[in-house]
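Enquirer: This is the structure I want to talk about, given as structure tokens.
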Amino acid sequence: MEFESLEEGLEYYTKYAKHKGFGIRRSRVTKSRRTQVIIGQEFVCSKEGHRAKKYVNREDRTQVAPDETRTGCKAMIYVSKKVGVDRWIISRFTRDHNHELATPKSAPFLRAHRKKDKSSTKFD
């Protein structure tokens, strides 16, 4: 697939994720070594990876640690800039999840799919 911009790629993956029943987040960014311009971005399942041990085993913790939400899921896409053209393509795609997906009814409540209306943020 090809996109006009990186944001368009994110929008596409967000819609796909909502339809399938999982949340997403931005992950690693690749920049050009010479110009420091973004040439790639990874969008991953919100359950990708694991919480760092330093946050789990904190000694100054006053409350019980929150439940672990990450499961090491590998689902992701990598969107990269086409060489010589101002277009973006999906260069890597991993479909498999290692957790249950949300139902179509509950998917809109996942963090990645909850968006506020501009009208609801106005104060009267």
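Read-outs throughout are calculated quantities, based only on the coordinates presented, and are distinct from any laboratory measurement. From a predicted model like this one, the values you see are computed outputs, not experimental measurements. Every residue, glycine among them, receives a Cβ derived from its backbone with ideal geometry; neighbour counts consider all protein chains shown.
Enquirer: Highest GNM mean-square fluctuation, the chain, Cα pairs closer than 10 Å: which of His50, His97, His113?
Expert: Of the options given, His50 has the highest mean-square fluctuation.
Enquirer: Pop the C-beta distance of His99 and Tyr16 into the FRET formula with R0 = 30 Å and round what comes out to the nearest 0.05.
Expert: Approximately 0.95, to the nearest 0.05.
Enquirer: How much net charge surrounds Arg87 when only other residues with a Cβ under 14 Å from its Cβ are counted (Lys, Arg +1; Asp, Glu -1)?
Expert: Cβ neighbours under 14 Å give a net charge of -3.
Enquirer: Moving to a separate point now. Ignoring everything except DSSP H segments at least 4 long, calculate the 222 nm mean residue ellipticity for the chain; use -39,500 (n - 2.57) per segment, divide by total residues, nearest 500. Before the final figure, lay out the partial values.
Expert: Working: 2 runs with 19 residues, N = 124.
My calculation for the chain gives -4500 deg cm²/dmol from helical runs alone.
Enquirer: If you line up the long axis of helix 6-20 against the longest principal axis of the chain, both from Cα atoms, how many degrees apart are they, to the nearest 10?
Expert: Helix 6-20 sits at roughly 50 degrees to that axis.
Enquirer: A further question on this structure: According to a simple spin-label model (label point 7 Å from Cα along Cα-to-Cβ), what is the distance in nm between Thr62 and Met1?
Expert: 4.5
Enquirer: Work out the length of the dipole vector of the chain about its Cα centre, built from +1 on the beta-carbon of each Lys and Arg and -1 on the beta-carbon of each Asp and Glu, and round it to the nearest 20 debye. All intermediate terms of the calculation are to be shown ahead of the outcome.
Expert: Values: 29 positive and 16 negative charges, 51 e Å.
Roughly 240 debye, rounded to the nearest 20.
Enquirer: Cα gyration tensor of the chain, axes a ≥ b ≥ c as square roots of the eigenvalues: rounded (a/c below 1.5), prolate (a/b > b/c) or oblate? The partial results should precede the final answer.
Expert: Working: a/c = 1.61, a/b = 1.32, b/c = 1.21.
Here the chain falls in the prolate category.
Enquirer: Now for a separate question. Along Cα→Cβ, 7 Å out, is where each label goes; now give me the distance between the ones at Lys53 and Thr69 in nm to one decimal.
Expert: That separation, rounded to one decimal, is 2.4 nm.
Enquirer: A follow-up question, please. Quick one: length gained pulling Ser91 to Arg34 fully straight, 0.36 nm per residue minus the C-alpha distance? Let's see the in-between values first.
Expert: Working: separation 57, 0.36 × 57 = 20.52 nm, distance 2.16 nm.
Using 0.36 nm per residue and subtracting the Cα-Cα distance, I get 18.4 nm.
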